[in-house]
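Notes follow the structure.
The values are calculated or read from the model by the stated rules, or taken from the named source; none is laboratory data. Since this is a predicted model, take the numbers as computed values, not measurements. Every residue, glycine as well, gets a Cβ built from its backbone with ideal geometry; the counts of neighbours run over all protein chains shown. Areas reflect the complete protein model, heavy atoms only, side chains present, ligands, DNA and RNA absent. Shrake-Rupley method; radii C 1.70, N 1.55, O 1.52, S 1.80 Å.
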Amino acid sequence: MNAMAEPEAEFAVLPGFVAVLRRDLLLAWRTRAEIAQPVIFFIMVASLFPLGIGADMKLLARVGAGVVWACGVLATLLSLPRIFAQDHADGTLEQMALSAYPLSAIAGGKLAAHWLTTGLPLSLTAPVIGLQFGMDAPTQGVLVLSLLIGSPILSMIGAIAAALTLGARGQSLLIALLVLPLYVPVVIFGAGAVESFGAGIDHGAHLALLGAGTLAGLVATPFVVAAAIRIALD
Amino acid sequence: MLFKYASPASFYPLAGKLAPVFAVIALVLTAVGLYQGFIIAPTDFQQGEVYRIIFIHVPSAWMGMFIYLVMAMYACLALVFNTRLSAMMMQALAPTGAIMTAIALWTGALWGKPTWGTYWAWDARMTSTLFLLFLYFGYMALDNAIEDRRRADKAGALLVLVGVVNVPIIYFSVRWWNTLHQGATVVPGSSKMADTMLAAMMVMTFAMWAYAIAVALWRVRGIILEREKNTAWVQELLDRP
(Lines give C-alpha, C1' and ligand atoms only; values in the text may rest on other atoms or scores of the structure.)
Protein backbone atom coordinates (compact mmCIF):
# COMPACT_ATOMS: atom_id res chain seq x y z
CA MET A 1 0.00 0.00 0.00
CA ASN A 2 1.50 3.36 -0.91
CA ALA A 3 1.58 6.34 1.38
CA MET A 4 -1.04 8.22 -0.59
CA ALA A 5 -3.68 5.57 -0.16
CA GLU A 6 -3.08 5.21 3.57
CA PRO A 7 -5.78 7.23 5.32
CA GLU A 8 -4.98 9.26 8.37
CA ALA A 9 -5.40 6.29 10.59
CA GLU A 10 -6.20 8.20 13.74
CA PHE A 11 -9.40 9.37 12.18
CA ALA A 12 -10.02 6.22 10.19
CA VAL A 13 -13.03 5.21 12.24
CA LEU A 14 -15.08 3.79 9.41
CA PRO A 15 -12.32 1.70 7.76
CA GLY A 16 -11.40 0.21 11.15
CA PHE A 17 -15.02 -0.54 11.91
CA VAL A 18 -15.66 -2.13 8.53
CA ALA A 19 -12.46 -4.18 8.54
CA VAL A 20 -13.21 -5.76 11.93
CA LEU A 21 -16.88 -6.23 11.12
CA ARG A 22 -16.00 -8.05 7.88
CA ARG A 23 -13.38 -10.18 9.54
CA ASP A 24 -15.65 -11.21 12.42
CA LEU A 25 -18.57 -11.95 10.13
CA LEU A 26 -16.33 -14.05 7.90
CA LEU A 27 -15.01 -15.95 10.92
CA ALA A 28 -18.57 -16.46 12.10
CA TRP A 29 -19.59 -17.76 8.68
CA ARG A 30 -16.68 -20.22 8.67
CA THR A 31 -17.84 -21.60 12.02
CA ARG A 32 -21.57 -21.54 11.30
CA ALA A 33 -22.36 -24.44 13.59
CA GLU A 34 -21.01 -22.55 16.56
CA ILE A 35 -23.07 -19.51 15.66
CA ALA A 36 -26.22 -21.62 15.49
CA GLN A 37 -25.73 -22.90 19.03
CA PRO A 38 -27.21 -19.92 20.91
CA VAL A 39 -30.27 -20.01 18.65
CA ILE A 40 -30.80 -23.72 19.22
CA PHE A 41 -30.22 -23.23 22.95
CA PHE A 42 -32.77 -20.38 22.89
CA ILE A 43 -35.50 -22.60 21.43
CA MET A 44 -34.63 -25.59 23.61
CA VAL A 45 -34.72 -23.71 26.91
CA ALA A 46 -37.99 -22.03 25.97
CA SER A 47 -39.43 -25.45 25.15
CA LEU A 48 -38.71 -26.60 28.71
CA PHE A 49 -41.09 -24.05 30.20
CA PRO A 50 -44.37 -25.60 29.04
CA LEU A 51 -43.12 -28.94 30.40
CA GLY A 52 -42.53 -27.31 33.75
CA ILE A 53 -45.58 -25.09 34.11
CA GLY A 54 -48.18 -27.07 32.15
CA ALA A 55 -49.59 -26.86 28.66
CA ASP A 56 -52.47 -24.47 29.43
CA MET A 57 -52.36 -22.31 26.29
CA LYS A 58 -53.86 -19.26 28.03
CA LEU A 59 -51.21 -19.32 30.73
CA LEU A 60 -48.47 -19.90 28.16
CA ALA A 61 -49.64 -16.98 26.04
CA ARG A 62 -49.45 -14.76 29.11
CA VAL A 63 -45.92 -15.74 30.14
CA GLY A 64 -44.62 -16.11 26.57
CA ALA A 65 -42.99 -12.71 26.17
CA GLY A 66 -41.20 -12.97 29.51
CA VAL A 67 -39.95 -16.46 28.73
CA VAL A 68 -38.69 -15.40 25.31
CA TRP A 69 -36.85 -12.43 26.79
CA ALA A 70 -35.35 -14.42 29.67
CA CYS A 71 -34.22 -17.21 27.32
CA GLY A 72 -32.88 -14.62 24.89
CA VAL A 73 -30.77 -13.17 27.68
CA LEU A 74 -29.45 -16.63 28.60
CA ALA A 75 -28.62 -17.44 24.98
CA THR A 76 -26.80 -14.12 24.65
CA LEU A 77 -24.83 -14.91 27.82
CA LEU A 78 -23.58 -18.11 26.22
CA SER A 79 -22.29 -16.24 23.22
CA LEU A 80 -20.48 -13.47 25.10
CA PRO A 81 -17.07 -15.11 25.79
CA ARG A 82 -16.79 -15.68 22.04
CA ILE A 83 -16.48 -11.93 21.33
CA PHE A 84 -12.95 -11.53 22.66
CA ALA A 85 -11.71 -14.77 24.25
CA GLN A 86 -10.30 -16.35 21.08
CA ASP A 87 -8.67 -13.13 19.90
CA HIS A 88 -7.25 -12.56 23.35
CA ALA A 89 -5.83 -16.07 23.56
CA ASP A 90 -3.97 -15.98 20.23
CA GLY A 91 -2.78 -12.37 20.54
CA THR A 92 -4.98 -10.91 17.79
CA LEU A 93 -6.62 -8.53 20.23
CA GLU A 94 -3.22 -7.12 21.18
CA GLN A 95 -2.38 -6.56 17.53
CA MET A 96 -5.70 -4.83 17.04
CA ALA A 97 -5.00 -2.55 19.97
CA LEU A 98 -1.57 -1.76 18.52
CA SER A 99 -2.92 -1.07 15.04
CA ALA A 100 -3.32 2.46 13.77
CA TYR A 101 -7.10 2.27 13.83
CA PRO A 102 -8.85 3.70 16.88
CA LEU A 103 -9.61 0.91 19.33
CA SER A 104 -13.15 2.21 19.81
CA ALA A 105 -13.83 1.71 16.08
CA ILE A 106 -12.52 -1.84 16.36
CA ALA A 107 -14.69 -2.43 19.41
CA GLY A 108 -17.65 -1.05 17.47
CA GLY A 109 -17.00 -3.50 14.65
CA LYS A 110 -16.86 -6.39 17.09
CA LEU A 111 -20.10 -5.23 18.73
CA ALA A 112 -21.88 -4.98 15.39
CA ALA A 113 -20.64 -8.41 14.34
CA HIS A 114 -21.79 -9.91 17.63
CA TRP A 115 -25.25 -8.43 17.30
CA LEU A 116 -25.57 -9.55 13.68
CA THR A 117 -24.61 -13.11 14.64
CA THR A 118 -26.52 -13.34 17.93
CA GLY A 119 -29.12 -10.65 18.61
CA LEU A 120 -30.49 -10.60 15.08
CA PRO A 121 -30.90 -14.38 14.67
CA LEU A 122 -32.41 -14.63 18.15
CA SER A 123 -34.90 -11.88 17.35
CA LEU A 124 -35.88 -13.54 14.11
CA THR A 125 -36.35 -16.99 15.65
CA ALA A 126 -38.48 -15.67 18.50
CA PRO A 127 -41.74 -16.29 16.54
CA VAL A 128 -40.99 -20.02 16.63
CA ILE A 129 -41.21 -19.85 20.41
CA GLY A 130 -44.14 -17.46 20.14
CA LEU A 131 -46.05 -20.14 18.22
CA GLN A 132 -45.28 -22.72 20.90
CA PHE A 133 -46.66 -20.31 23.48
CA GLY A 134 -49.83 -19.59 21.50
CA MET A 135 -49.17 -15.91 20.82
CA ASP A 136 -51.15 -14.36 17.98
CA ALA A 137 -49.50 -12.70 14.99
CA PRO A 138 -49.75 -9.01 16.05
CA THR A 139 -48.33 -9.84 19.50
CA GLN A 140 -45.49 -11.72 17.85
CA GLY A 141 -44.80 -8.69 15.72
CA VAL A 142 -44.40 -6.55 18.83
CA LEU A 143 -42.23 -9.27 20.40
CA VAL A 144 -39.86 -9.35 17.44
CA LEU A 145 -39.78 -5.57 17.30
CA SER A 146 -38.95 -5.33 21.02
CA LEU A 147 -36.16 -7.87 20.55
CA LEU A 148 -34.77 -6.08 17.51
CA ILE A 149 -34.69 -2.76 19.36
CA GLY A 150 -33.55 -4.14 22.71
CA SER A 151 -31.05 -6.88 21.85
CA PRO A 152 -28.26 -4.46 20.81
CA ILE A 153 -28.18 -3.37 24.47
CA LEU A 154 -27.58 -7.00 25.44
CA SER A 155 -24.62 -7.18 23.06
CA MET A 156 -23.21 -3.86 24.26
CA ILE A 157 -23.39 -4.48 28.02
CA GLY A 158 -22.23 -8.04 27.40
CA ALA A 159 -19.20 -6.91 25.42
CA ILE A 160 -18.12 -4.64 28.28
CA ALA A 161 -18.30 -7.54 30.73
CA ALA A 162 -16.60 -9.90 28.27
CA ALA A 163 -13.69 -7.49 27.89
CA LEU A 164 -13.44 -6.82 31.64
CA THR A 165 -13.28 -10.52 32.49
CA LEU A 166 -10.61 -11.43 29.92
CA GLY A 167 -8.04 -13.60 31.57
CA ALA A 168 -10.00 -13.84 34.81
CA ARG A 169 -10.66 -17.14 36.53
CA GLY A 170 -13.99 -18.75 35.58
CA GLN A 171 -14.78 -16.21 32.91
CA SER A 172 -18.12 -17.49 31.65
CA LEU A 173 -19.82 -17.66 35.03
CA LEU A 174 -18.28 -14.35 36.04
CA ILE A 175 -19.72 -12.67 32.95
CA ALA A 176 -23.19 -13.88 33.95
CA LEU A 177 -22.74 -12.44 37.45
CA LEU A 178 -21.69 -9.06 36.11
CA VAL A 179 -24.17 -8.80 33.30
CA LEU A 180 -27.48 -10.12 34.62
CA PRO A 181 -28.22 -7.23 37.03
CA LEU A 182 -27.51 -4.78 34.22
CA TYR A 183 -29.86 -6.60 31.85
CA VAL A 184 -32.84 -6.11 34.14
CA PRO A 185 -34.22 -2.87 32.65
CA VAL A 186 -33.95 -4.30 29.13
CA VAL A 187 -35.96 -7.38 30.08
CA ILE A 188 -38.54 -5.27 31.94
CA PHE A 189 -39.13 -2.92 29.02
CA GLY A 190 -38.86 -5.62 26.35
CA ALA A 191 -41.35 -7.98 27.93
CA GLY A 192 -43.35 -4.97 29.14
CA ALA A 193 -43.90 -3.78 25.57
CA VAL A 194 -45.47 -7.12 24.61
CA GLU A 195 -47.49 -7.29 27.81
CA SER A 196 -48.94 -3.79 27.45
CA PHE A 197 -49.72 -4.50 23.79
CA GLY A 198 -51.66 -7.57 24.93
CA ALA A 199 -53.48 -5.51 27.56
CA GLY A 200 -54.43 -2.91 24.97
CA ILE A 201 -52.28 -0.19 26.51
CA ASP A 202 -49.92 1.90 24.42
CA HIS A 203 -46.73 -0.13 24.03
CA GLY A 204 -44.83 2.63 22.26
CA ALA A 205 -43.41 4.01 25.51
CA HIS A 206 -41.62 0.74 26.28
CA LEU A 207 -40.20 0.48 22.79
CA ALA A 208 -39.16 4.13 22.89
CA LEU A 209 -37.29 3.54 26.18
CA LEU A 210 -35.56 0.51 24.68
CA GLY A 211 -34.66 2.56 21.63
CA ALA A 212 -33.31 5.34 23.81
CA GLY A 213 -31.18 2.80 25.67
CA THR A 214 -29.84 1.39 22.41
CA LEU A 215 -29.01 4.84 21.04
CA ALA A 216 -27.33 5.98 24.26
CA GLY A 217 -25.41 2.70 24.30
CA LEU A 218 -24.27 3.12 20.69
CA VAL A 219 -22.75 6.47 21.57
CA ALA A 220 -20.93 5.39 24.72
CA THR A 221 -20.26 1.65 24.53
CA PRO A 222 -17.45 1.52 21.93
CA PHE A 223 -15.36 3.79 24.15
CA VAL A 224 -16.14 1.83 27.31
CA VAL A 225 -15.32 -1.46 25.58
CA ALA A 226 -12.09 0.05 24.25
CA ALA A 227 -11.17 1.13 27.79
CA ALA A 228 -11.99 -2.36 29.08
CA ILE A 229 -9.81 -3.97 26.39
CA ARG A 230 -6.93 -1.65 27.32
CA ILE A 231 -7.31 -2.69 30.96
CA ALA A 232 -7.29 -6.35 29.93
CA LEU A 233 -4.13 -5.91 27.88
CA ASP A 234 -2.43 -3.82 30.54
CA MET B 1 -2.33 18.87 51.47
CA LEU B 2 -5.09 16.50 50.37
CA PHE B 3 -2.80 14.72 47.98
CA LYS B 4 -0.47 13.92 50.80
CA TYR B 5 -3.05 11.48 52.12
CA ALA B 6 -3.55 9.88 48.71
CA SER B 7 -0.44 7.90 49.50
CA PRO B 8 -1.19 4.66 51.36
CA ALA B 9 1.82 5.15 53.62
CA SER B 10 0.55 8.45 55.02
CA PHE B 11 -3.12 7.46 54.95
CA TYR B 12 -2.55 4.33 57.02
CA PRO B 13 -1.87 6.14 60.34
CA LEU B 14 -4.56 8.74 59.60
CA ALA B 15 -7.13 5.97 59.06
CA GLY B 16 -5.97 4.41 62.31
CA LYS B 17 -6.70 7.65 64.15
CA LEU B 18 -10.02 8.39 62.45
CA ALA B 19 -11.60 4.93 62.58
CA PRO B 20 -12.10 4.81 66.39
CA VAL B 21 -13.54 8.34 66.34
CA PHE B 22 -16.17 7.36 63.79
CA ALA B 23 -16.82 4.13 65.67
CA VAL B 24 -17.61 6.09 68.85
CA ILE B 25 -19.83 8.50 66.91
CA ALA B 26 -21.66 5.53 65.41
CA LEU B 27 -22.16 3.93 68.80
CA VAL B 28 -23.50 7.11 70.43
CA LEU B 29 -25.79 7.97 67.52
CA THR B 30 -27.15 4.42 67.38
CA ALA B 31 -28.00 4.56 71.08
CA VAL B 32 -29.70 7.95 70.68
CA GLY B 33 -31.45 6.97 67.45
CA LEU B 34 -32.77 3.65 68.69
CA TYR B 35 -33.98 5.25 71.98
CA GLN B 36 -35.71 7.98 70.00
CA GLY B 37 -37.15 5.49 67.53
CA PHE B 38 -38.22 2.69 69.82
CA ILE B 39 -39.28 4.60 72.94
CA ILE B 40 -40.00 8.26 72.21
CA ALA B 41 -41.55 8.10 68.73
CA PRO B 42 -45.33 7.56 68.84
CA THR B 43 -47.05 4.41 67.66
CA ASP B 44 -48.22 4.68 64.07
CA PHE B 45 -52.03 4.86 63.91
CA GLN B 46 -52.15 2.67 60.81
CA GLN B 47 -49.31 0.22 61.18
CA GLY B 48 -48.96 -0.07 64.95
CA GLU B 49 -45.57 -0.90 66.43
CA VAL B 50 -44.28 -2.79 63.43
CA TYR B 51 -43.46 0.40 61.55
CA ARG B 52 -40.52 0.94 63.91
CA ILE B 53 -38.38 -1.29 61.72
CA ILE B 54 -38.08 1.65 59.33
CA PHE B 55 -35.51 3.17 61.70
CA ILE B 56 -33.20 0.41 60.50
CA HIS B 57 -34.73 -0.33 57.12
CA VAL B 58 -34.72 3.13 55.55
CA PRO B 59 -31.22 4.20 56.68
CA SER B 60 -29.71 0.91 55.53
CA ALA B 61 -31.46 1.17 52.15
CA TRP B 62 -30.12 4.70 51.77
CA MET B 63 -26.63 3.62 52.77
CA GLY B 64 -26.78 0.69 50.36
CA MET B 65 -27.35 3.10 47.49
CA PHE B 66 -25.11 5.83 48.84
CA ILE B 67 -22.10 3.57 49.32
CA TYR B 68 -22.40 2.47 45.72
CA LEU B 69 -22.29 6.12 44.67
CA VAL B 70 -19.23 6.70 46.85
CA MET B 71 -17.62 3.67 45.23
CA ALA B 72 -18.39 5.18 41.83
CA MET B 73 -16.68 8.39 42.92
CA TYR B 74 -13.60 6.45 44.00
CA ALA B 75 -13.81 4.55 40.69
CA CYS B 76 -13.60 7.88 38.85
CA LEU B 77 -10.61 8.93 40.93
CA ALA B 78 -8.92 5.57 40.41
CA LEU B 79 -9.35 5.70 36.64
CA VAL B 80 -8.57 9.39 36.14
CA PHE B 81 -5.73 9.96 38.59
CA ASN B 82 -4.60 6.35 38.74
CA THR B 83 -4.39 6.55 42.53
CA ARG B 84 -3.95 3.25 44.32
CA LEU B 85 -5.72 4.37 47.46
CA SER B 86 -8.98 5.13 45.62
CA ALA B 87 -9.15 1.56 44.38
CA MET B 88 -8.38 0.30 47.88
CA MET B 89 -11.21 2.41 49.32
CA MET B 90 -13.54 0.96 46.69
CA GLN B 91 -12.52 -2.53 47.69
CA ALA B 92 -12.95 -1.65 51.39
CA LEU B 93 -16.44 -0.17 50.91
CA ALA B 94 -17.97 -2.97 48.84
CA PRO B 95 -18.65 -5.49 51.66
CA THR B 96 -20.24 -2.79 53.84
CA GLY B 97 -22.44 -1.67 50.96
CA ALA B 98 -23.49 -5.24 50.31
CA ILE B 99 -24.32 -5.77 53.99
CA MET B 100 -26.36 -2.56 54.12
CA THR B 101 -28.32 -3.61 51.04
CA ALA B 102 -28.87 -7.07 52.48
CA ILE B 103 -30.12 -5.57 55.76
CA ALA B 104 -32.50 -3.32 53.83
CA LEU B 105 -33.92 -6.33 51.97
CA TRP B 106 -34.17 -8.47 55.07
CA THR B 107 -35.81 -5.86 57.29
CA GLY B 108 -38.07 -4.98 54.38
CA ALA B 109 -39.24 -8.59 54.20
CA LEU B 110 -39.84 -8.68 57.97
CA TRP B 111 -41.85 -5.48 57.72
CA GLY B 112 -43.73 -6.59 54.62
CA LYS B 113 -45.16 -9.74 56.20
CA PRO B 114 -47.38 -8.04 58.83
CA THR B 115 -48.08 -4.95 56.69
CA TRP B 116 -48.61 -6.29 53.19
CA GLY B 117 -49.11 -9.93 54.15
CA THR B 118 -46.10 -11.12 52.17
CA TYR B 119 -42.35 -11.37 52.72
CA TRP B 120 -41.53 -10.65 49.13
CA ALA B 121 -43.27 -9.01 46.22
CA TRP B 122 -41.93 -8.23 42.79
CA ASP B 123 -42.22 -4.56 43.45
CA ALA B 124 -39.92 -2.32 41.46
CA ARG B 125 -37.97 -0.85 44.36
CA MET B 126 -37.49 -4.17 46.13
CA THR B 127 -36.44 -5.79 42.89
CA SER B 128 -33.96 -3.09 42.05
CA THR B 129 -32.52 -3.19 45.58
CA LEU B 130 -32.05 -6.92 45.09
CA PHE B 131 -30.18 -6.21 41.88
CA LEU B 132 -28.10 -3.58 43.63
CA LEU B 133 -27.00 -6.39 45.94
CA PHE B 134 -26.12 -8.44 42.86
CA LEU B 135 -24.09 -5.50 41.54
CA TYR B 136 -22.06 -5.55 44.76
CA PHE B 137 -21.59 -9.31 44.39
CA GLY B 138 -20.52 -8.85 40.78
CA TYR B 139 -17.92 -6.26 41.73
CA MET B 140 -16.54 -8.42 44.53
CA ALA B 141 -16.45 -11.50 42.28
CA LEU B 142 -14.58 -9.62 39.55
CA ASP B 143 -12.20 -8.13 42.09
CA ASN B 144 -11.48 -11.63 43.36
CA ALA B 145 -11.15 -13.33 40.00
CA ILE B 146 -8.40 -11.18 38.48
CA GLU B 147 -4.98 -12.08 39.80
CA ASP B 148 -3.16 -8.93 38.79
CA ARG B 149 -3.97 -6.25 41.40
CA ARG B 150 -3.71 -3.24 39.09
CA ARG B 151 -5.91 -4.85 36.47
CA ALA B 152 -8.44 -5.92 39.10
CA ASP B 153 -8.60 -2.33 40.39
CA LYS B 154 -9.17 -0.81 37.00
CA ALA B 155 -11.62 -3.45 35.80
CA GLY B 156 -13.56 -3.12 39.05
CA ALA B 157 -13.63 0.66 38.73
CA LEU B 158 -14.98 0.46 35.20
CA LEU B 159 -17.60 -2.07 36.27
CA VAL B 160 -18.77 0.15 39.13
CA LEU B 161 -19.08 3.10 36.76
CA VAL B 162 -21.15 1.02 34.36
CA GLY B 163 -23.27 -0.25 37.25
CA VAL B 164 -23.89 3.19 38.68
CA VAL B 165 -26.29 3.72 35.79
CA ASN B 166 -28.50 1.32 37.72
CA VAL B 167 -28.67 3.41 40.89
CA PRO B 168 -30.80 6.25 39.43
CA ILE B 169 -33.05 3.60 37.93
CA ILE B 170 -33.59 2.30 41.45
CA TYR B 171 -34.57 5.73 42.61
CA PHE B 172 -36.82 6.62 39.72
CA SER B 173 -38.31 3.17 39.41
CA VAL B 174 -40.79 4.22 42.09
CA ARG B 175 -42.32 6.62 39.64
CA TRP B 176 -41.83 4.49 36.54
CA TRP B 177 -43.55 1.34 37.67
CA ASN B 178 -45.21 2.58 40.89
CA THR B 179 -46.57 -0.65 42.27
CA LEU B 180 -46.85 -2.06 45.78
CA HIS B 181 -44.13 -0.13 47.57
CA GLN B 182 -45.35 3.06 49.17
CA GLY B 183 -44.12 6.20 47.48
CA ALA B 184 -41.18 8.07 48.94
CA THR B 185 -42.23 9.46 52.31
CA VAL B 186 -39.23 11.63 52.95
CA VAL B 187 -39.12 14.40 50.38
CA PRO B 188 -37.17 17.51 51.28
CA GLY B 189 -39.58 20.26 52.30
CA SER B 190 -42.76 18.19 52.38
CA SER B 191 -42.38 15.37 54.87
CA LYS B 192 -45.43 13.32 55.79
CA MET B 193 -43.79 11.85 58.91
CA ALA B 194 -44.10 12.96 62.50
CA ASP B 195 -41.12 15.08 63.55
CA THR B 196 -39.89 12.62 66.18
CA MET B 197 -39.96 9.76 63.70
CA LEU B 198 -38.08 11.79 61.13
CA ALA B 199 -35.52 12.83 63.72
CA ALA B 200 -34.95 9.23 64.79
CA MET B 201 -34.53 8.14 61.20
CA MET B 202 -32.04 10.90 60.49
CA VAL B 203 -30.02 10.09 63.61
CA MET B 204 -29.96 6.44 62.59
CA THR B 205 -28.83 7.42 59.10
CA PHE B 206 -25.90 9.36 60.50
CA ALA B 207 -25.13 6.47 62.84
CA MET B 208 -24.95 4.04 59.93
CA TRP B 209 -22.93 6.54 57.95
CA ALA B 210 -20.38 6.82 60.76
CA TYR B 211 -20.36 3.02 61.09
CA ALA B 212 -19.70 2.59 57.37
CA ILE B 213 -16.81 5.06 57.51
CA ALA B 214 -15.29 3.41 60.57
CA VAL B 215 -15.51 -0.10 59.14
CA ALA B 216 -14.23 0.98 55.72
CA LEU B 217 -11.24 2.71 57.32
CA TRP B 218 -10.38 -0.36 59.37
CA ARG B 219 -10.77 -2.57 56.34
CA VAL B 220 -8.64 -0.30 54.16
CA ARG B 221 -5.87 -0.47 56.76
CA GLY B 222 -5.85 -4.22 56.33
CA ILE B 223 -5.86 -3.88 52.54
CA ILE B 224 -2.99 -1.38 52.65
CA LEU B 225 -0.87 -3.68 54.81
CA GLU B 226 -1.61 -6.64 52.58
CA ARG B 227 -0.80 -4.88 49.33
CA GLU B 228 2.21 -2.92 50.56
CA LYS B 229 3.68 -5.80 52.53
CA ASN B 230 6.87 -5.71 50.52
CA THR B 231 7.57 -2.02 51.07
CA ALA B 232 10.05 -0.68 53.56
CA TRP B 233 7.56 1.28 55.65
CA VAL B 234 5.33 -1.73 56.27
CA GLN B 235 8.34 -3.86 57.23
CA GLU B 236 9.42 -1.14 59.60
CA LEU B 237 5.91 -0.90 61.05
CA LEU B 238 5.66 -4.62 61.57
CA ASP B 239 9.13 -4.84 63.14
CA ARG B 240 8.26 -2.18 65.66
CA PRO B 241 7.39 -3.78 69.00
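Could you please let me know if B:Pro59 is surrounded by fewer than 21 Cβ atoms within 10 Å (Cβ to Cβ) and in contact (Cβ under 8 Å) with a residue 24 or more places away in the chain?
For B:Pro59, the condition - surrounded by fewer than 21 Cβ atoms within 10 Å (Cβ to Cβ) and in contact (Cβ under 8 Å) with a residue 24 or more places away in the chain - is not met.
If you take just the helices (runs of 4 or more DSSP H) that sit entirely in the stretch A:64-169, which of them hold at least 1 residues that are within 14 Å of chain B (Cβ to nearest Cβ)?
So the answer is A:103-114, A:137-164.
Checking the structure you have, find out if any residue of the stretch B:71-78 is closer than 23 Å to B:Phe3 by Cβ, within 14 Å of chain A (Cβ to nearest Cβ) and free of Cβ contacts under 8 Å to residues at least 12 places away in the same chain.
no
Take B:Thr115 and decide whether it is more than 11 Å from the chain's Cα centre (by Cα) and touching a residue at least 60 places away in the same chain (Cβ under 8 Å).
It is true that B:Thr115 is more than 11 Å from the chain's Cα centre (by Cα) and touching a residue at least 60 places away in the same chain (Cβ under 8 Å).
Just for the stretch B:1-51: of the residues that are of a type in the set (S, T, N, Q) and closer than 18 Å to B:Ile224 by Cα, which one is least open to solvent (accessible area, probe 1.4 Å)?
The extreme case among them is B:Ser10.
Within the group B:Leu159, B:Leu225, which residue is within 14 Å of another protein chain (Cβ to nearest Cβ) and modelled with pLDDT of 90 or more?
Result: B:Leu159 is the single residue among B:Leu159, B:Leu225 that is within 14 Å of another protein chain (Cβ to nearest Cβ) and modelled with pLDDT of 90 or more.
Run down A:Leu48, A:Leu26, A:Leu14, A:Leu80 and say which single residue is within 24 Å of A:Ala227 (Cα to Cα) and surrounded by fewer than 17 Cβ atoms within 10 Å (Cβ to Cβ).
Of A:Leu48, A:Leu26, A:Leu14, A:Leu80, the one residue that is within 24 Å of A:Ala227 (Cα to Cα) and surrounded by fewer than 17 Cβ atoms within 10 Å (Cβ to Cβ) is A:Leu14.
Of the residues A:Val186, A:Val219, A:Val225, A:Val179, which is of a type in the set (A, V, I, L, M), open to solvent by 20 Å² or more (accessible area, probe 1.4 Å) and out of contact with any Lys or Arg (no Cβ under 7 Å at 6 or more places or on another chain)?
A:Val219
Within the stretch B:11-47, can you find the residues that are β-branched (Val, Ile, Thr) and either assigned to a helix (DSSP H, G or I) or modelled with pLDDT of 95 or more (or both)?
Result: B:Val21, B:Val24, B:Ile25, B:Val28, B:Thr30, B:Val32, B:Ile39, B:Ile40.
Could you figure out which of (1) in contact with a His (Cβ under 8 Å, 6 or more places away or on another chain); (2) surrounded by 23 or more Cβ atoms within 10 Å (Cβ to Cβ) isn't true of A:Pro152?
If we test A:Pro152 against (1) in contact with a His (Cβ under 8 Å, 6 or more places away or on another chain); (2) surrounded by 23 or more Cβ atoms within 10 Å (Cβ to Cβ), just (1) comes out false.
Looking at (1) surrounded by 23 or more Cβ atoms within 10 Å (Cβ to Cβ); (2) within 9 Å of chain A (Cβ to nearest Cβ), which is the one condition that is false for B:Tyr136?
(2)
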